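The structure appears right after this line, and notes come after that.
The values are calculated or read from the model by the stated rules, or taken from the named source; none is laboratory data. Every value quoted in this text rests on a predicted model; they were computed, and no experiment measured them. Reconstructed Cβ throughout: ideal geometry from the backbone, glycine too, with neighbour counts over all protein chains shown.
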Amino acid sequence: MSSPLRLVALAAICAISVYAEEVSEATEPEPPKYESPQPSSDALFFENFDDESSFKNKWVLTKADEYDGEWGVSAGNTTVQFAEDLALELKNEAKKHGIAAAIDGGAAAVEGQPLVIQYEVRLENTHSCGGLYIKLLSGESLDLTKFDGASPYSIMFGPDHCGGTNKVHFILRHKNPKTGEYEEKHAKNPPSAVTSDKKTHLYKLVINADNTYEFFIDQESKGKGNLLDDMQPAINPPKLVDDPSDSKPEDWVDEAKINDPAASKPDDWDEDAPKMILDEEAVIPSEWREDEPDEVADPDAKMPEDWDEEEDGDWEAPMVKNPLCEAAGCGKWERPKIKNPDYKGKWEHPQIDNPDYIGEWKAKQIDNPNFFEDKTPYMFSTFSAVGIELWTMSNGIFFDNFLITRNVEDAAAFAASTWGAKSVFETSKASSGGVGGGVMESVNKLLDSAADTVEGLGMPKAHAKNSIFVAIAIVIATTIFLCCSGGGDDEFEEFENHSVGASANNTVEEVPPEPTASEDTSIPEPEKPAESKKKKKGKKKV
């Protein structure tokens, strides 16, 4: 290796090493000090999963059939926030998972007070199909060891993504006071779930005492509704219903239009006539070249100077549009088609008003025997446990910081101190390149710094970065050759007995074996193996 390339390589490597340390120290954000979050004392339910022993005592794994998915508590493999921040991890794909935690004494609905449900979700892997929702379980004799999809609940809330489904569920399980039966009421216009990244996302549902509800994702409102107007099916049934004993009379005429009995298809109407026919009056243009091809070899093209027919094969000029075809056309001439003046299409019977038309028949309306009016459906929020019952095709799903409360302000403050801190750190980490962002920007900065150093050695700035690429490539190739040739010890001994000293004209001088502190050592240029000429295959395209 020549002396200038040695200098360029050494300078580039030194500059990159120094700058890499500076970039790492300057751009890698320091995680804030983690403190296990605690909500206000009036929370109905709270879980941050930071105490593993408490988790094992509090949460119950279902033993229901087919629910063999595993759960655990960990920080995950790609945690970008706090190593101490543990979360509930769903570990298996393509399995049913069930886990629940009871609330001592239950949580009864309170008249005039809202209900807030919020929790965090983080996807460590790509989420292909499955739910991410939770259930507020209800029932007097609830056995959590038998928890499954048929277990009674009052509210189901959270994201769900599979195929064409991508939404945040809100389902209220409402009891009909007339029949005693429960029916699932779904929010009509739920927002879309966020399942396209690996950041922590906060899902929140607020049900107010005026029966309004609101979805929040990452502290931003994503949709509103009213329990009395925006649930499907409706909370309250209609006051009137069709009389089941009423039926349409046999002579009832409800056809508004009929075929005109006086109309008939004309005798000369040809339904089989084509829409387009050949233009019999058209003649072939005089400039038309039937014997000429559409494309010809480019007469102006020349074989490249570096083309070797022995190695590259016979050279062929590229094809271009035949200039003789520009006037009219080339090849076989065909008559153009025109619209058929005799085309009429399928004959349709004309319609007239039906003189016997009575109107659309409707059954008589009677009072709905099952009518009721629930003016406070928000009160159907009593629950005795919190459960997660899912089937999913993904693993590495993390749930954290469950909070259920009746204090909207406390929920917002808790979210700001937990999810808010994570979000800020995740965003700064992404922008610094820590989670896939800014990588190329950092590489360019490293090369620019090295180029500035090389420029200081006298090389023009315009060529500095290219020289760095060449120098580093030679160093890598040399290293590979030394390792593969088995002569590493001799070359290393020779390296120890040489040093580089740069004079004013950048020449390299040999000095005694013991260099001074101010002198640099260099790697002697190894003997390069003979390169074999690789034959080209196929025809080179121009």
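Does region 109-120 hold any residues that are modelled with pLDDT under 95 and either in contact with a strand residue (DSSP E or B) (Cβ under 6 Å, 6 or more places away or on another chain) or of a type in the set (A, V, I, L, M, F, W, C) (or both), and which are they?
Ala109, Val110
Given the residues Lys167, Lys178, Lys198, Lys222, which is the only one that is under 30 Å from Lys362 (Cα atoms) and charged (D, E, K, R)?
Criteria check complete, one pass: Lys178.
Residues that are among the basic types (Lys, Arg): which strands (runs of 3 or more DSSP E) entirely in region 195-264 hold 1 or more of them?
Answer list for region 195-264: 200-207, 220-226, 257-259.
Could you please let me know if Gln219 is at positive phi and not charged (D, E, K, R)? Lay out the reasoning, then the answer.
On the way: at positive phi: yes; not charged (D, E, K, R): yes.
Spelling it out, Gln219 is indeed at positive phi and not charged (D, E, K, R).
Looking at Pro266, Pro237, Pro244, Pro177 in this structure, which one is within 30 Å of His349 (Cα to Cα) and over 23 Å from the mean Cα position of the chain (by Cα)? Even if it seems obvious, please write down each step before you answer.
Numbers: Pro237 fails: within 30 Å of His349 (Cα to Cα); Pro244 fails: within 30 Å of His349 (Cα to Cα); Pro177 fails: within 30 Å of His349 (Cα to Cα).
That would be Pro266, the only listed residue that is within 30 Å of His349 (Cα to Cα) and over 23 Å from the mean Cα position of the chain (by Cα).
Please verify whether Glu84 is modelled with pLDDT under 90 and within 29 Å of the chain's Cα centre (by Cα), treating the condition exactly as stated.
The answer is yes for Glu84.
Check whether at least one residue in region 357-374 is outside any strand (DSSP E or B), buried (at least 16 other Cβ atoms within 10 Å of the Cβ) and of a type in the set (Gly, Ala, Ser), and report yes or no.
Checked region 357-374: no residue is outside any strand (DSSP E or B), buried (at least 16 other Cβ atoms within 10 Å of the Cβ) and of a type in the set (Gly, Ala, Ser).
Would you confirm whether any residue within region 81-104 is in a strand (DSSP E or B) and on the phi > 0 side of the Ramachandran plot?
The answer is no; no qualifying residue exists.
Only one of (1) closer than 29 Å to Lys188 by Cβ; (2) in contact with a Lys or Arg (Cβ under 6 Å, 6 or more places away or on another chain); (3) not β-branched (Val, Ile, Thr) is not met by Pro244, so which one is it?
(2)
Hey, does region 22-35 have a residue that's touching an Asp or Glu at 6+ places or on another chain (Cβ under 7 Å), modelled with pLDDT under 80 and surrounded by fewer than 18 Cβ atoms within 10 Å (Cβ to Cβ)? Outline the logic, then answer.
From region 22-35, those touching an Asp or Glu at 6+ places or on another chain (Cβ under 7 Å) are 34; that's our starting set.
Still in the list and also modelled with pLDDT under 80: 34.
From the residues that got through so far, the ones that are surrounded by fewer than 18 Cβ atoms within 10 Å (Cβ to Cβ) too are 34.
Yes, region 22-35 contains a residue that is touching an Asp or Glu at 6+ places or on another chain (Cβ under 7 Å), modelled with pLDDT under 80 and surrounded by fewer than 18 Cβ atoms within 10 Å (Cβ to Cβ).
Given the conditions (1) under 52 Å from the mean Cα position of the chain (by Cα); (2) modelled with pLDDT of 90 or more; (3) outside any loop (DSSP other than H, G, I, E, B), which single one is not true for Ile352?
So Ile352 meets the others, but not (1).
If I filter region 149-176 down to residues being modelled with pLDDT of 90 or more and part of a loop (DSSP other than H, G, I, E, B), which single residue comes out as surrounded by the most Cβ atoms within 10 Å (Cβ to Cβ)?
Ranking the candidates gives Ser151 first.
Every residue, every condition in (1) β-branched (Val, Ile, Thr); (2) modelled with pLDDT of 95 or more; (3) more than 18 Å from Val168 (Cα to Cα), yes or no:
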| residue | (1), (2), (3) |
| --- | --- |
| Lys204 | no, yes, no |
| Ile207 | yes, yes, no |
| Asp218 | no, yes, no |
| Asn226 | no, yes, no |
| Pro237 | no, no, yes |
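Would you mind stating whether Glu305 is surrounded by 10 or more Cβ atoms within 10 Å (Cβ to Cβ) and of a type in the set (Asp, Glu)?
In short, no.
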